[in-house]
Ligand code: AMP
């Protein structure tokens, strides 16, 4: 497994792989490190569709709207490299800040207001601009044929897919299913910051989503009622505070607020962000009628 720490190194690597065989399909798995089973599932998806898998690890300062969250973001490069090696990753790109922000603070700002006015976009100003900036940059540096993203960060997946299509990047954007703990809690690098007690409260997030789905299956079609049921279950954990708990269209991310909008649907997105004992956790899940 190659470890590249500069733009030149990763570009040389990709060029050399392609010069040996120009049909080689290259996949990119973007991460912020502190890898877990969720990231490894993206690597497996990438492996299915490509010959050469590149993981990049970069805690992207400009996508953090809260600098404490950035400073407290966990990291363990040594373990990340072991996991990547075991997962048979071909190359890992671990750039430095200087490598990525060679031109200083970005002048360029990309935004997709239609897709980011609600959900995380509403509560994390600048977050998706930072995400789009780094992904577009990585596309240009690495020139992958495909990039794999987790649907745990569902809004991020939709926003990146749209940016990729709209700017005609020749990249196949793949969404991978959320990997969960046995308890249902979505795996996240931030879970490492939860105490055992906090974890018990965090478990309520996915439990709430599944109860909302069950209520929908049982015939409840009022989105306000479903939203309140979900948010109340999460709030029953005293360490939890709900930032948002919304029902939305899975393609447009428009919020669903009216009963008529749910009546003819077979599925909808539940998206939620919760501060659990000071740690911001998100979950996204497509609820189905059947
Ligand atoms: P992060 O390192 O948290 O920025 O995540 C990097 C990528 O892994 C993103 O595409 C995430 O959506 C994805 N990811 C994070 N957690 C999970 C999970 N539990 N299941 C599937 N994908 C995940």
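Overview of results
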read-out: The range 196-282: Rg to Rh, with Rh as the Kirkwood radius over Cα pairs; value: 0.99
read-out: Helix 7-20 axis, angle to the chain major axis (alpha carbon atoms, nearest 10°); value: 80
read-out: Per-peptide average of other Cβ atoms within 10 Å, ordering 177-189, 137-149, 81-93 highest first; value: 137-149, 81-93, 177-189
read-out: Range of Cα positions in the chain per principal axis (Å), largest first; value: 58, 40, 37
read-out: Ordering of 224-230, 98-104 by burial proxy (mean other Cβ atoms within 10 Å per residue, highest first); value: 224-230, 98-104
read-out: The range 12-63: C-alpha gyration tensor shape, a/c 1.5 cut-off, then a/b vs b/c; value: oblate
read-out: Euclidean distance between Cα centres, the range 90-143 to the range 243-277, Å; value: 25
read-out: Virtual paramagnetic centre 7 Å along Cα→Cβ of residue 65, amide N under 18 Å, in the range 133-169; value: 133-134, 153-160
read-out: log10 of Debye I(q)/I(0), alpha-carbon scatterers only, for the range 114-210 at 0.10, 0.14, 0.22 Å⁻¹; value: -0.35, -0.65, -1.16
read-out: Contour excess over end-to-end distance, with Cα ends at residue 108 and residue 15 and 0.36 nm allotted per residue; value: 30.8 nm
read-out: Acute angle (nearest 10 degrees) that the helix 77-86 long axis makes with the longest principal axis of the chain, alpha-carbon atoms; value: 80
read-out: Tilt relative to the chain, helix 154-166 - C-alpha long axis, 0 to 90 degrees, to 10; value: 50
read-out: Rounded Å value of the spacing that divides the Cα centres of the range 12-87 and the range 170-210; value: 19
read-out: Value of relative contact order over the range 64-148, rounded to a whole percent, pairs C-alpha under 8 Å and six or more apart; value: 36
read-out: Rounded, prolate or oblate (a/c below 1.5 giving rounded, otherwise prolate when a/b exceeds b/c) for the range 137-290 by Cα gyration tensor; value: oblate
read-out: Choice from 43, 233, 209 showing the highest fluctuation, given a GNM over the chain with Cα pairs closer than 10 Å; value: 233
read-out: Sequence ranges 123-133, 255-265, ranked by mean other-Cβ count within 10 angstrom, highest first; value: 123-133, 255-265
read-out: Descending semi-axes in Å of the range 71-112, equivalent ellipsoid built from Cα gyration tensor; value: 28, 14, 12
read-out: Label-point separation in nm, residue 228 to residue 265, each point 7 Å along Cα→Cβ; value: 1.8
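Bear in mind that the values in this text are calculations on the coordinates, not laboratory data. Quick caveat: nothing in here was measured; it's all calculated off a predicted structure. As a convention, Cβ positions derive from the backbone with ideal geometry for all residues, glycine included, and neighbour counts pool all protein chains shown.
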